[in-house]
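Notes to accompany the following structure.
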Amino acid sequence: MLGAFSLTISMLAITATFAADTSADNSIYLIVRGDDIGYCHASNVGIIKCYKEGILRTCEVMAPCPWFKEAAKMLNENPMLDVGIHLTLTSEWDNYKWGPMTQAPTLVDARGNFYPKTKNWDDPDAKDAFWNAKPDMKEVEAELRAQIELALKELPSQVSHLTGHMGLSGIDPKMKELIDCLAREYNLVVDMSSVKRAGRFGRGADTPQQREEKLVELLENLTPGTYQIGGHPAMDTPETRAIGHEKYYTVANERYGEVYAFTSEKVKEVIKRRSIKLLSYRNFKVKGETATAKKPRRFFSDDSFWNQPLPENPEIDPKSDYWLGLLKTEPTGNRFGINTTDFAIPVYEVDSYTPTYDVKRLAPIMVKRRGLEPGNRRYERTSRFNHGPGFGKDVPIPDNATPDPETDHHMAIVDWKRMMVWDMWYTEKQPDGSWASFTGMVYPLDGPGVFNREDFDAKTGESIHFHGPGRAAGVPIIAGLIMYDEVQAGEIRHKLSFATRFNALQEFVFPAAWTDGRTKGGIPEGAVIQLDPNLDLEQFDLLPGEKVVARALQKYGMVNVDNAGGSPIYAEGLYGHPDKSWDGVLREWDGGINDIPLDHYRVLKLGKVIPKGDHKRR
């Protein structure tokens, strides 16, 4: 690379089914990208440091380089860091070289190394540039495929896109066409057409402190929009001091200056104060040609209640207008919104390599911690919160797992290979590193998604939390969640879940197995509300992701699953997923779904009402 930061983005000509729409508000969005992880040890350490301690959210890995194996290991230890495959056909340093992964005689110099330059624009006969050597495009394609497939093998869940090392995709239309085709084939397409370059923050000769000051100045001057900045962060070590080429032997100073700036407390303060939202390339992922046949995964079996679309002309309950009238009296606002930050449900995917824990009952711990004594009302309820059958032993919990930080502390774990779910309410990581929870359930991911009320032996006046379920309605906590990946994919294929302040006292309907409702004559938990399927959504100012949600409300409806101080629809909580953000995708209570009046909803005809439940009354 040539000293100060320069990036070439391949603007792929492909229609997006959904990408982060950041043009509809006055926010500032920022992608911070670090190139060349894998080329040396100092780069690996520097980029991971910028992610863990700083503002970097995307990095570009070089598969044919000597330190790729270590880079892959470090990236696997940081699974939320977004990764691009930095397609590499050059080796630029004078005293440090690498070459192709395949047999490719037209891609290498006399010593078997990649050429130091991509293209010599001034001298067509130059001997130091890859493109001037007239490479065989079949060898080029084979080499790029090998790099892509190795990266996908080592980093199966983190790679989101392709980029070109040293401006590879911009040297010739043939090269751009090949890289675009590979991106579509491997479903690694991003649409960066709305992203602007934020500009430089210093030069190679600047001190780290000067780089910091110039980055602060750059961030202070950003206006609303979506921007990208980046560089090649690396530590200042004997290794990087020995790397360089003619006219560029300030590698160590320049690249450490980027580490210093990206991890600076001053920089982080500006980002926090100005509410700059950090994104990654994954936020701009779009569906390529090979992905059009793929549908986003959904929880539970295809014939589950949750996965059934509503009939064309469903019967509306006679009390629909009355119940919607109750919702209109909600003191926090008379419309539905979406919980994406507070009281959202985090979901973590695990596999056979995830560490396991014996999750303890939190009730005895809390009774002791709060000094509760028998006879105290709080003691009587707290001491009875319990795990369901089979829950607690060998629960896989990843290192990045973070429960909902609000008072519910929900958390769900899914294993797609074993098709199992573990869900918990009021989950805590203990000082000794162990885990404990008030409730816990384990159940099949490909099952019906409905708990059998008879399995719990719950008695009127009791909480269902005494028997294991983490939702007051006695349904799985993952049921009905708006999941980030399905919104990004452009389609939700299941019912959603919501809560209200006005749930019926001791009345519920299927799929609920219980209720904590407090309002006599209120809306039973388990009731389904549908957004009018004939409603023209274009009359509302909805972001693309919000249209995905609205279409699901029209086609599948949403189920009343809990009591709340408002009327929230539940989304996946992205706690522990720093590479994902609902910003620019879904708004909570200021615009979006909240703009749709309650008059456009209807409560569908109830099934058999079960006259049982908790005893608390409003």
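The values are calculated or read from the model by the stated rules, or taken from the named source; none is laboratory data. Just so you know, these numbers come straight off a predicted model, no measurement behind them. Neighbour counts run over all protein chains shown; Cβ positions are idealised from the backbone, glycine included. Heavy atoms of the whole protein, side chains included, go into the accessibility calculation; ligands, DNA and RNA do not. Shrake-Rupley method; radii C 1.70, N 1.55, O 1.52, S 1.80 Å.
Annotations
- Taking all pairs of distinct alpha-carbon atoms in the stretch 220-356, Kirkwood radius in angstrom: 22.6
- Mean Cβ count within 10 Å, highest first, over the residues of peptides 476-483, 415-422: 476-483, 415-422
- Distance between the pseudo-spin-label points of Glu217 and Lys153 (7 Å out from Cα toward the beta carbon): 4.8 nm.
- Computed from the alpha carbon atoms alone, the convex hull of the stretch 315-407 holds 241 Å³ per residue.
- Entry for the stretch 177-280 at q = 0.10, 0.11, 0.22 Å⁻¹: log10 I(q)/I(0) = -0.39, -0.46, -1.07, Debye formula applied to identical alpha-carbon scatterers, no solvent contribution.
- Stokes-Einstein D for the stretch 471-585, Kirkwood Rh over Cα pairs, 37 °C, 0.692 mPa s (µm²/s): 221
- Charging the Cβ of each Asp and Glu at -1 and of each Lys and Arg at +1, and nothing else, the dipole of the stretch 448-510 about its Cα centre rounds to 180 debye.
- Helix 137-154 axis, angle to the chain major axis (alpha carbon atoms, nearest 10°): 40
- Signed unit charges on C-beta, dipole axis of the stretch 236-349, positive-most listed residue Gly337, Ala242, Leu327: Ala242
- Taking all C-alpha pairs of the stretch 550-618, those more than 21 Å from each other amount to 46 percent.
- Order of exposure, largest accessible area first, which applies to Cys40, Cys181 with probe 1.4 Å: Cys181, Cys40
- Here the ratio of the Cα radius of gyration of the stretch 102-256 to 2.2 N^0.38 Å is 1.23.
- Helix axis angle, 173-185 relative to the chain longest principal axis, alpha carbon, degrees: 30
- Whole-angstrom gap from the stretch 40-78 to the stretch 517-547, using each part's C-alpha centre: 44
- Cβ-Cβ FRET estimate between Ile365 and Lys52, R0 fixed at 25 Å, reported to 0.05: 0.25
- Annotation: Arg184 carries an accessible surface of approximately 50 Å², with a 1.4 Å probe and no ligand, DNA or RNA atoms counted.
- The stretch 409-486 - Debye-derived log10 I(q)/I(0), Cα point model, q = 0.19 Å⁻¹: -0.87
- Span per principal axis, largest first, for the Cα atoms of the chain (Å): 86, 55, 46
- Ranking by accessible area, most exposed first, for Ser383, Ser352, Ser437 with a 1.4 Å probe: Ser352, Ser383, Ser437
- Protein accessible area in the chain, 1.4 Å probe - carbon and sulfur %: 49
- The stretch 221-276 and the stretch 95-132: distance between their alpha carbon centers, rounded to Å: 28
- Annotation: for a label point projected 7 angstrom from Cα along Cα→Cβ of Asp303, residues of the stretch 429-446 with backbone N closer than 18 Å are 444-446.
- Ratio of Rg to Rh for the stretch 133-190: 0.96 [Cα atoms; Kirkwood radius as inverse mean 1/r over pairs].
- Taking only alpha carbon atoms, the stretch 374-448 gives an Rg to Rh ratio of 1.01, where Rh is the Kirkwood radius.
- Normalised contact order of the chain, rounded percent, pairs of Cα under 8 Å and 6 or more residues apart: 16
- Top positive-direction residue, dipole computed over the chain with Cβ charges, set Pro544, Gly576, Val190: Gly576
- Full extension of the chain segment joining Asp342 with Glu380 gains 10.9 nm, where the gain is 0.36 nm per residue of separation less the Cα-Cα distance.
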